[in-house]
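In what follows, a single structure is set out as structure tokens and then discussed.
The values are calculated or read from the model by the stated rules, or taken from the named source; none is laboratory data. Note that the coordinates shown come from a computational prediction; the quantities given were computed from them, not determined experimentally. Counting neighbours? That spans all protein chains shown, and the Cβs are built from the backbone with ideal geometry, glycine included.
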Ligand SMILES: Cc1cc2nc3c(=O)[nH]c(=O)nc-3n(C[C@H](O)[C@H](O)[C@H](O)COP(=O)(O)OP(=O)(O)OC[C@H]3O[C@@H](n4cnc5c(N)ncnc54)[C@H](O)[C@@H]3O)c2cc1C
Ligand SMILES: Nc1ncnc2c1ncn2[C@@H]1O[C@H](COP(=O)(O)O)[C@@H](O)[C@H]1O
């Protein structure tokens, strides 16, 4: 089974965001880049699929040259090969341009299954997986928390408001990972050593036409100073009164 | 020439999603500025009966695809049908709700029609005839304003953010859509119902964290939720510990909620948790540590043991209601 997993390097979830002087991006100093948490789940699922069905996992990243560190981590977890499309400034890039580049790279590979994360936690776009599947003309099931994969098909569960959808599609297909799908493994020491020798292709690319233009990036307005209603159970009645009479929300 | 606004109105088993009316209201405001008609597309097994729900919203036309075969959402099929609605209506703006369905269908349509899409928008304005959308990035730690540069401009909107308003009384024209054939050989969709209240749509959310001490204690927060008719949420710490299901996690790698009232019980307020709930209108924190970061963003706080405070709140609420 040939498996491709799309992984993005994103600012760690702990990052305190500051707007850059250009007004359309965030300051890069002190920002630590990690594997997008949903992509970590996608990588885990890809490796499990390989362990169950044989074949190989190729990890694909579009991102700046510094992203190579995280690609090594994916190889250390158990991916077999890496393709790094090097391009600066893709953090908040338009998903259609990102999907174009990823799809043209995937079209050169053999693939049965593609795994993505449900969204990247920097741009929060939630678009690339479906766009990618359309460009590759394969079915997609997004934001899945359960998957039963055979060599022919995949049955995936996705959470919907107040329920679950079970979707079965034939391979080749794309799945995007939601939390709960699995617990990603840590890279082992032998894994880290082995990663150094795995095939690692790098290619310079540039983004095509973007369909969105970022006009500005701003921080949310500061929240008003909160109010401590009181201490201990005696304050409970007063809080309820405030919520009813002042805030008028209960 | 594209004109007007088309809304993808979401339904499941004949129930219209309330947030779809928020999208219709926004659509009406946009159409008043950019001109053209306001249309709605509904797809499903019982969709035609829903067209009357739009009478009070100034809708000009309702596109309907109705068939037993469309009982459950099927991304591939629904998007093919919605694409047909777009080619009929030729709108300059298409709006869906950023729900499980909307998040899935919007990028499919955007890709097949080669259009720009701004997801999960919390603000929308018109400038020079073009849509300028405000949307959260970095899990709400920042907001970008984006212009959509294609002829067809697609948006998904965050539920609970845009108000819903009726206006006038119209008799929308009903247009039937082709159902079409399935493209991929196997694709079976099944809904498995659950009784859980829906976190992302609830107007009140009560969340519990590690301060609850163990899975056996969550009845304390559930009783508060029941007294308020609220949905139940959780921090990642308790989800990772297996105390609560993943579907309840609020935060950067969980759900983003913006209810009228968010009550955090025994949650410290880590940056990743705040990312998922800081846009709530009123935030209440109950924590025994006066230094807990959650108090920095809480509108109202009680410093104390939640096992003492929360039952008293339940009592006070019940007294109010009786
Ligand atoms: C990549 C990444 C993504 C993450 N995503 C998320 C996310 O989506 N959502 C999320 O929530 N977290 C997320 N986290 C985890 C986050 O950093 C915190 O670890 C987590 O939110 C802590 O949960 P908590 O507040 O329940 O627990 P703690 O931080 O342990 O806080 C427990 C609180 O309960 C209080 N307490 C204890 N006993 C009582 C009592 N009897 N009465 C009242 N108060 C009491 C304590 O004072 C304390 O403040 C993420 C972390 C990473 C690295
Ligand atoms: N630059 C990128 N390189 C590789 N994969 C990406 C990139 N951007 C997005 N993806 C994939 O698409 C998923 C959803 O991203 P997004 O649509 O941007 O929120 C991510 O979890 C990745 O799997």
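Remarks
- For the range B:88-111, the set of residues classified as out of contact with any helix residue (DSSP H, G or I) (no Cβ under 6 Å at 6 or more places or on another chain) and within 11 Å of another protein chain (Cβ to nearest Cβ) consists of B:98, B:99, B:100, B:101, B:102, B:103, B:106, B:110, listed by residue number.
- Residue A:163 under 18 Å from the mean Cα position of the chain (by Cα), surrounded by 14 or more Cβ atoms within 10 Å (Cβ to Cβ) and within 12 Å of another protein chain (Cβ to nearest Cβ): no
Yes or no, residue by residue, for (1) closer than 30 Å to residue B:153 by Cβ; (2) in contact (Cβ under 8 Å) with a residue 24 or more places away in the chain; (3) in contact with a helix residue (DSSP H, G or I) (Cβ under 6 Å, 6 or more places away or on another chain):
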position: A:24; (1), (2), (3): yes, yes, no
position: A:32; (1), (2), (3): no, no, no
position: A:40; (1), (2), (3): no, yes, no
position: A:46; (1), (2), (3): no, yes, no
position: A:52; (1), (2), (3): no, yes, no
position: A:73; (1), (2), (3): no, yes, no
position: A:80; (1), (2), (3): no, yes, no
position: A:84; (1), (2), (3): no, yes, yes
position: A:98; (1), (2), (3): yes, yes, yes
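- For the range B:269-278, the condition of being within 12 Å of ligand 1 (Cβ to nearest atom), assigned to a strand (DSSP E or B), more than 8 Å from chain A (Cβ to nearest Cβ) and surrounded by fewer than 23 Cβ atoms within 10 Å (Cβ to Cβ) holds for none of the residues.
- The residue that is farthest from the other protein chains (Cβ to nearest Cβ), among those in the range B:285-322 that are assigned to a strand (DSSP E or B) and touching a helix residue (DSSP H, G or I) at 6+ places or on another chain (Cβ under 7 Å), is B:287.
- Matching option when the condition is more than 14 Å from every other protein chain (Cβ to nearest Cβ), within 23 Å of residue A:186 (Cβ to Cβ), within 16 Å of ligand 1 (Cβ to nearest atom) and buried (at least 24 other Cβ atoms within 10 Å of the Cβ), among A:121, A:43: A:43
- Complete set of residues in the range B:202-260 that are on the phi > 0 side of the Ramachandran plot, within 9 Å of ligand 1 (Cβ to nearest atom) and within 12 Å of chain A (Cβ to nearest Cβ): B:251
- Residue match in the range B:45-54 (condition: modelled with pLDDT of 95 or more and assigned to a helix (DSSP H, G or I)): no
- Scope the range B:144-161; condition surrounded by fewer than 22 Cβ atoms within 10 Å (Cβ to Cβ) and in a strand (DSSP E or B); matching residues: B:145, B:147
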